[in-house]
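*Asks:* Please see the structure below; I have some questions.
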Ligand SMILES: Cc1ncc(COP(=O)(O)O)c(C=O)c1O
């Protein structure tokens, strides 16, 4: 641990403070019974990677509202873009009128996926803009079915794709998301996700990608005819809610080849891992040479304003006029925030202390956090696995026999919060580290020191 003059969390009251308590009580009375509350925190205002609660306690934000606040809280460049747009107009409905701000946003997004094919042709992409991740996923599934004329969709165990009917059907994590809501969408199958730390199907860390591909071909395709029935395979290139899992390098290329063999659309759900978080604009770009047919984006795209995108190859986006739309989708104020976010991600606007652009910063600071956490594994044997890419990092807690230790994870999460570090669980026994991409090495060190102190207190 190094001595530091960096900004530290400031806790002015015992937690929760009186104002937090009062709002939590009202919240519990009047809001939906479905909301989860991992610990008592009620934000009042934010600045960069810091959030201050309604009692004046300032916390370091290591989860960015589930990987959403890409540029931190109240980034001046984002605030200014939002203000400028809302003074012009807040809505006209993209389903009916084109708007320059959404046209240029689409042009800007596709630049990150379009490429020149080996035969010299330019592969063009198109964009449908919605409001949320689940909507992007619904649009992707509708498009895949409409384009292929097939109905079956394959997803993965441990995945999360959203809460609408199509999206929860595809979701393969926690049964509470589905219990009591059926019937769900028909013609959906789940296959294991290749988790190198807990390899499925009797495989190993090295062979788990191939094992899942073999399972598809040798087991699932014995009962579901791939070239007749399967419209799409949807997969998170790095699994988020399931535990911040990075698959082995051969998995996505193998999946691409399998989809090509059977004419299946490959959908990459980049809602959580996309938008620069892994050090590349899209997480799949960490795997050489893989290109999906459809991409879903949301969360980090506009630093907290609600907008999502379903992007597809032009050759795939063949649904007819009027077949899909949304009243609010592609809202111009949210689109302005997305432009401002892209300015910082691409480096047209620099953030002090974060190098050339926020993608580079995510990679550099992420590498630093990963290496520090891996060092901590020697001191804390219950840290079974430290994994991730960029600022998409998972910390898995295990019992001495190696099985997941959800209880210890929950205790660690609460104890970190009590020391002023906002964090969030995922998977069975994982804490996810998904801070704003403006996190500096200094602030990262502050967070790591809190984690180290907390873990010592749990021994
Ligand atoms: C990979 C993934 N897809 C889709 C979604 C759904 O997004 P939303 O909550 O915006 O509907 C999520 C949300 O956590 C996600 O992580």
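The values are calculated or read from the model by the stated rules, or taken from the named source; none is laboratory data. Just so we're clear, the structure is a prediction, and the values are computed from it rather than from any experiment. Counting neighbours? That spans all protein chains shown, and the Cβs are built from the backbone with ideal geometry, glycine included.
*Asks:* Condition test on residue 232, is it in contact (Cβ under 8 Å) with a residue 12 or more places away in the chain, touching a strand residue (DSSP E or B) at 6+ places or on another chain (Cβ under 8 Å) and not in a helix (DSSP H, G or I)?
*Replies:* Against the criterion (in contact (Cβ under 8 Å) with a residue 12 or more places away in the chain, touching a strand residue (DSSP E or B) at 6+ places or on another chain (Cβ under 8 Å) and not in a helix (DSSP H, G or I)), residue 232 qualifies.
*Asks:* Another one. Name the one entry in 196, 186 that is surrounded by fewer than 20 Cβ atoms within 10 Å (Cβ to Cβ), at pLDDT 95 or above and in contact with a helix residue (DSSP H, G or I) (Cβ under 7 Å, 6 or more places away or on another chain).
*Replies:* 196
*Asks:* Is it the case that some residue within region 140-159 is modelled with pLDDT of 95 or more, crowded, with 19+ Cβ neighbours inside 10 Å and on the phi > 0 side of the Ramachandran plot?
*Replies:* Within region 140-159, one or more residues are modelled with pLDDT of 95 or more, crowded, with 19+ Cβ neighbours inside 10 Å and on the phi > 0 side of the Ramachandran plot.
*Asks:* Another question about this same structure. Residue under question is residue 459, and the condition is that it be at pLDDT below 95 and out of contact with any helix residue (DSSP H, G or I) (no Cβ under 7 Å at 6 or more places or on another chain); does it hold?
*Replies:* Yes; evaluated as a whole, the condition is true for this residue.
*Asks:* Enumerate the pairs (first residue in region 196-221 and assigned by TED's automatic domain parsing to the domain that holds residue 153; second residue anywhere and at pLDDT 95 or above and loosely packed, with under 14 Cβ neighbours inside 10 Å) with beta-carbon separation below 6 Å, excluding pairs fewer than 6 apart on the same chain, so at least 6 apart or on different chains.
*Replies:* Cβ pairs passing all conditions: 196/205; 199/205.
*Asks:* Please list, ordered by first then second residue, the pairs with beta carbon atoms under 8 Å, 6 or more apart or interchain, first in region 108-123 and over 23 Å from residue 310 (Cβ atoms), second in a strand (DSSP E or B).
*Replies:* 116/122; 116/123
*Asks:* Could you tell me which of the residues 74, 134, 81 is surrounded by 20 or more Cβ atoms within 10 Å (Cβ to Cβ) and within 22 Å of the chain's Cα centre (by Cα)?
*Replies:* From the options 74, 134, 81, the qualifying one is 134.
Condition check ((1) in the same structural domain as residue 99 (by TED's automatic domain parsing); (2) part of a helix (DSSP H, G or I); (3) more than 14 Å from the ligand (Cβ to nearest atom); (4) free of Cβ contacts under 8 Å to residues at least 12 places away in the same chain) across all residues:
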site	(1), (2), (3), (4)
295	yes, no, no, no
319	yes, no, yes, no
322	yes, no, yes, yes
325	yes, no, yes, no
328	yes, no, no, no
334	yes, yes, no, no
341	yes, yes, yes, no
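*Asks:* Can you pull out the residues in region 222-242 that are buried (at least 18 other Cβ atoms within 10 Å of the Cβ) and away from the ligand (no atom under 16 Å from the Cβ)?
*Replies:* Across region 222-242, the qualifying residues are 226, 230, 231.
*Asks:* Identify, from the list 67, 90, the residue that is surrounded by fewer than 14 Cβ atoms within 10 Å (Cβ to Cβ), touching a helix residue (DSSP H, G or I) at 6+ places or on another chain (Cβ under 7 Å) and under 30 Å from residue 328 (Cβ atoms).
*Replies:* 90
*Asks:* Restricted to region 297-309, and to residues that are within 11 Å of the ligand (Cβ to nearest atom) and buried (at least 24 other Cβ atoms within 10 Å of the Cβ), which residue is farthest from residue 327 (Cα to Cα)?
*Replies:* The extreme case among them is 300.
For (1) within 16 Å of the ligand (Cβ to nearest atom); (2) part of a helix (DSSP H, G or I), each residue gets a yes or a no:
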| position | (1), (2) |
| --- | --- |
| 139 | yes, yes |
| 161 | yes, no |
| 167 | yes, yes |
| 186 | no, no |
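*Asks:* Only one residue in 249, 257, 273 is part of a loop (DSSP other than H, G, I, E, B) and away from the ligand (no atom under 16 Å from the Cβ). Which one?
*Replies:* Only one candidate passes the filter, namely 249.
*Asks:* Identify the single condition in (1) in a helix (DSSP H, G or I); (2) outside the structural domain of residue 323 (by TED's automatic domain parsing) that residue 69 does not satisfy, given that it satisfies every other one.
*Replies:* Unmet condition: (1).
*Asks:* Right, something else. Give the residue that is surrounded by the most Cβ atoms within 10 Å (Cβ to Cβ), with candidates limited to residues of region 170-183 that are within 13 Å of the ligand (Cβ to nearest atom) and assigned to a helix (DSSP H, G or I).
*Replies:* Going through the qualifying residues, I end up with 170.
*Asks:* Residue 420 passes all but one of (1) surrounded by fewer than 21 Cβ atoms within 10 Å (Cβ to Cβ); (2) farther than 14 Å from residue 198 by Cα; (3) free of Cβ contacts under 8 Å to residues at least 40 places away in the same chain; which number fails?
*Replies:* (3)
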